[in-house]
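The values are calculated or read from the model by the stated rules, or taken from the named source; none is laboratory data. Quick caveat, the model's predicted, so the values are computed rather than measured. Please note: Cβ atoms are built from the backbone with ideal geometry, for glycine as well, and neighbour counts cover all protein chains shown.
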Amino acid sequence: MRVKICGITNLEDALIAIDAGADALGFVFYEKSPRFISPQKAKEIIKELPPFIERVGLFVNETKKNIEDIYKYTNISLAQLHFDIDKDFLESFEIKVLPVVRAKKKEDILKFKNYYRLVDAYVEEFGGSGKRVALDWFKDVDCSKVILAGGLSPKNIEEVKKYGFYGVDVSSGVEAYKGKKDPNKVKEFIKKAKSIE
């Protein structure tokens with residue numbers, strides 16, 4: 001199972017996550033988030049990262065042009081579209097994008113079912129709240145293209161492994177405080193997510 005550590009705001013947290021085995025790092029380009037990072041700061045961190053790490057930019061209610069400009073400027077490798085979009089908007093990009101489904105009910109998790117997608121619990125403030133999606137919604141659903149987010153932590157990550165998710169995405173569940181990661185929680189989360197039962 002792939003692991004993304006989201007809400008990276010500094011190089012130290014980025015390197016700790018990579019050393020612990022993270023497959024991807026997330027940078028939040030949404031100014032209202034306590035984990036917001038400027039494109040310039042993200043670019044500086046990304047420049048120092050080793051190869052083969054996915055660099056994900058999180059965007060909320062942004063125009064296609066802004067997303068593509070920040071993508072190229074910062075050298076992220078994937079744009080995570082954390083707002084309500086349709087298939088036409090998704091397919092209009094030349095760059096690599098990941099749709100986010102903010103699920104209110106079971107049927108929502110099937111939106112974009114033929115695409116890799118991130119499924120998060122619906123919250124007004126666009127994520128980072130620690131709210132969880134009901135796991136029983138995923139029973140008998142093909143989760144091989146689903147990245148699960150929302151309310152994950154070292155305490156509950158093992159509950160999700162039986163569903164066969166492509167990956168998991170964690171932010172607040174491995175923090176010391178908003179915007180700063182707890183190295184021990186990061187290590188424990190990744191170790192448990194990647195251990196074979």
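Pairs linking a residue in the range 47-58 that is within 15 Å of residue 6 (Cβ to Cβ) to a residue that is among the charged types (D, E, K, R) and in a loop (DSSP other than H, G, I, E, B), with Cβ atoms under 8 Å and 6 or more positions apart or on different chains, are 53/23; 54/23. Taken as a whole, the condition of being of a type in the set (A, V, I, L, M), closer than 16 Å to residue 1 by Cβ and touching a residue at least 60 places away in the same chain (Cβ under 8 Å) applies to residue 170. In the range 150-163, of all residues being surrounded by 14 or more Cβ atoms within 10 Å (Cβ to Cβ) and farther than 13 Å from residue 189 by Cβ, the one that is modelled with the highest pLDDT corresponds to 163.
One residue alone among 180, 106, 145 is basic (Lys, Arg), surrounded by fewer than 19 Cβ atoms within 10 Å (Cβ to Cβ), touching a residue at least 24 places away in the same chain (Cβ under 8 Å) and closer than 17 Å to residue 25 by Cα, and that residue is 180. Condition first: among the aliphatic types (A, V, I, L, M), assigned to a helix (DSSP H, G or I) and touching a helix residue (DSSP H, G or I) at 6+ places or on another chain (Cβ under 7 Å). Now tell me which residues in the range 48-107 satisfy that. Within the range 48-107, just 70 meets the criteria.
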